[in-house]
Amino acid sequence: MTPTPPQGHFNILYFASAGSYTSKNVEALPAPLPLRKLFGTLEERYKGIRASVLDHSLVTINLTYVEVPDDEVAADGEEVVIQEGDEVAIIPPVSSG
Amino acid sequence: MGEASINGEPAAAKAAPNGCSRRLTDDEFDRYSRQMIVPGMGKEGQLRLINSRVLIIGAGGLGCPAAQYIAGAGVGTIGIIDGDVVETSNLHRQVGHATARIGMKKVDSLITHLRGLNPLPTYVSHPFHINPQNAAEVISQYDLVMDCTDNPVTRYLISDICVLVCKPLVSAAAIQKSGQLTVLNCPPTPQGLVDGKYAPCYRCCFRKPPPPSSMVSCGEAGIMGSVVGLMGVAQAGEAIKILASALHIPSPPAAGDTPERNLQQPTLLIYTYDLESAVGPYSFRALKMGGRKRNCFACGENSTLTLAGIRAGEPDYVQFCSVPTSSVSLPPEERITAAAYHAAKQKGELPEHILLDTREKEHFSFGSIEGAVNVPFGKLLMKAAAIKRDVSPASEILPLESEKTDVPIFVVCRRGLDSQETVEKLKELGLDNGGKRRIVDIMGGMKAWKEEVDPTFPFI
């Protein structure tokens, strides 16, 4: 089972090649975090992950698909913010069989 | 080889939406009784299966288990398309083949197995690979498509054709220890309809393919038979559900009834299996996906995708799936052939050097060049990232506490790509000591080592 994230954190799950790239299945990152800053935050920790993994992956928050904004600058209106205790998942396509 | 004929029936023949109301034969009654008494299936559902045509694309790790349950359940016409032959390394997961059939075309081998299981369905052999020229013709003969293939080029092609000829697609995939399953384009909806809730296609879910450098096949990354088998069985389950409830019949676009007829929440099932832990954390996750995307390249409102275009090579699927990545091109002085490295070492021209082997530790465990130190590529990239963040000193990336900063470094990997990137990375980190230390890629990796130096090397 996935451990509960510590206070002030959310869990991020790395599937398939995201897991190989980070050498982790799961880790806790500080919350809250605007969704538009997620890829930038991961790129800082794992250089090159954006082009190799994130750009073609699906992202879910609490098991629901979310569209990651292309622009890191805050847009007008509502924005999705990853909250404390959320479960985010990075899901690259798998094509073998 | 050649064109497939389906017992002389017109290829466009289709199951009646409600199944026909004929009696079941005694054999059918006996054979399917245990599933017909399941609530929701009944005789009506069984007749729909009998009147259905399913195309299984790929007779491998997904296609074998999927086909067994499709055949067992009594789907009336089962087409299988694959151009490969059975190999020994397939058998741990491709359970529809047999040791006695090594070397046989996979479609023929699998159909032999399926006939033994259930002789009632009509089996159609398409013993060639699916491609942009033949895809539409083959797919349009069926009611539902199961993508059991092993590469992104065909995954995008199959999804695009299914959008254009209005067929539901049950798509599964697996690598190493994880699998994915999703139902696409179901109920099938004509291209361009976006006002309302419609099911997504493969491109709505995965807009861009992964870069080729990050793509691995089961031959490279490995695959657990039970993981891919589970995904194939689940795939058959989804297909049977769709056919038995007639969800595969496209709704007429202008029909007055609700367009989101029976649209279920599009779902992506993820299965992760953990070899490191004997109990517990294997897990399923069902992810809620979005519907059809307005701007989707294939099914969206301004899509220019056509069957004629695909046949003529537009889009170019191979090109689309091989978008240029940061491919490294090292100067000749930073590269050496496996044979030249071996010769230099034999002649004593390389008295002291570091040899890094960047393969995964499982590959390394089967054998390595004498003196090689294993630093898997993924770990190396992580360490490099930590160094860039100034968390650790650059020398930490090297396995040995080497005092001398001029000892040359040689890098070898499996096939010669990661090693070039490693050389680049090490130079970036300043480990070439301003050019005083040589950092050299062994060209072609351990594959070249086997070919040029040691034919007995156990290359996997």
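Return yes when B:Ala372 is more than 14 Å from every other protein chain (Cβ to nearest Cβ) and more than 27 Å from the chain's Cα centre (by Cα) and no when it is not.
It is true that B:Ala372 is more than 14 Å from every other protein chain (Cβ to nearest Cβ) and more than 27 Å from the chain's Cα centre (by Cα).
Give the number of residues within segment A:41-61 that are outside any helix (DSSP H, G or I) and either more than 9 Å from every other protein chain (Cβ to nearest Cβ) or hydroxyl-bearing (Ser, Thr, Tyr) (or both).
5
Yes/no matrix, rows are residues, columns are (1) modelled with pLDDT of 95 or more; (2) closer than 30 Å to B:Asp150 by Cβ; (3) in contact with a Pro (Cβ under 6 Å, 6 or more places away or on another chain); (4) outside the structural domain of B:Thr154 (by TED's automatic domain parsing):
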site: B:Lys14; (1), (2), (3), (4): no, yes, no, yes
site: B:Ser21; (1), (2), (3), (4): no, no, no, yes
site: B:Gln46; (1), (2), (3), (4): yes, no, no, no
site: B:Leu62; (1), (2), (3), (4): yes, yes, no, no
site: B:Tyr69; (1), (2), (3), (4): yes, yes, no, no
site: B:Gly72; (1), (2), (3), (4): yes, yes, no, no
site: B:Gly79; (1), (2), (3), (4): yes, yes, no, no
site: B:Asp82; (1), (2), (3), (4): yes, yes, no, no
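Which one of these is among the charged types (D, E, K, R) and over 15 Å from B:Phe366 (Cβ atoms): B:Arg414, B:Arg438?
Answer to the selection: B:Arg438.
In segment B:109-208, which strands (runs of 3 or more DSSP E) lie fully inside it and hold 3 or more residues that are touching a strand residue (DSSP E or B) at 6+ places or on another chain (Cβ under 8 Å), over 18 Å from B:Ile249 (Cα atoms) and within 14 Å of another protein chain (Cβ to nearest Cβ)?
Filter on segment B:109-208 gives B:169-175, B:178-184.
I need the full set of residues from segment B:438-452 which are surrounded by fewer than 18 Cβ atoms within 10 Å (Cβ to Cβ) and assigned to a loop (DSSP other than H, G, I, E, B), in order please.
Result: B:Arg438, single match.
If I ask for residues that are of a type in the set (A, V, I, L, M), out of contact with any helix residue (DSSP H, G or I) (no Cβ under 7 Å at 6 or more places or on another chain) and at pLDDT 80 or above, which ones from segment B:362-405 would you list?
Result: B:Ala372, B:Val373, B:Val375, B:Leu398.
Any residue at all in segment B:72-86 that's surrounded by fewer than 24 Cβ atoms within 10 Å (Cβ to Cβ), in contact with a strand residue (DSSP E or B) (Cβ under 6 Å, 6 or more places away or on another chain) and free of Cβ contacts under 8 Å to residues at least 40 places away in the same chain?
Taking every residue of segment B:72-86 in turn, at least one turns out to be surrounded by fewer than 24 Cβ atoms within 10 Å (Cβ to Cβ), in contact with a strand residue (DSSP E or B) (Cβ under 6 Å, 6 or more places away or on another chain) and free of Cβ contacts under 8 Å to residues at least 40 places away in the same chain.
The values are calculated or read from the model by the stated rules, or taken from the named source; none is laboratory data. The structure presented is a predicted model; accordingly, all values stated were derived computationally and were not measured. Positions of Cβ are generated from backbone atoms using ideal geometry, with glycine treated the same way; all protein chains shown enter the neighbour counts.
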